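The values are calculated or read from the model by the stated rules, or taken from the named source; none is laboratory data. Note that the structure is predicted; figures quoted are calculated from it, not measured. Positions of Cβ are backbone-derived with ideal geometry, glycine not excepted, and every protein chain shown enters the neighbour counts.
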Amino acid sequence: MSDRNAWGDDPEERDADETVAELFATETEVARRWHDHPAVVPAKAVVLFVSRNGRRVGVSIAGILLILVGLVGLALPILPGWLLIFAGFAVLSTEYVWAERMLKRAKAVAARAKDRAIRRGHAGGGPDSIVTEPDGPADDSS
């Protein structure tokens, strides 16, 4: 199986059949222990396959849940929607290249929006700018 045919973005990911073949090839018939018996090897292969990909499944579930809660948060005023969506993509980006690309793009868009907002505030004398009048003569006649 070539790396291009692997599911997802992880080139380390392998098919369960390859894991079974590897288990059969690693030890000789004489050195085989009870848990390496041909009747047990398929179950052992499933456990190894799940343990290798279990983190990916957990990260996927956690990231998707964060994104879904973030989408609900966009409609409800009590949840920080965008923050949860960005957190979901940050979690997914630990395992998926596409999520990392989307997170980088979102960060770039947010940085440009921040820069535009700062420029508008300084150039136009926005609502947050303080207007001061020149100081007149000091009135210290006490």
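Of all residues in region 27-43, at least one satisfies being surrounded by 16 or more Cβ atoms within 10 Å (Cβ to Cβ) and modelled with pLDDT under 90. When restricted to residues that are part of a loop (DSSP other than H, G, I, E, B), farther than 16 Å from ALA110 by Cβ and without any contact (Cβ under 8 Å) to a residue 60 or more places away in the chain, region 56-99 contains 5.
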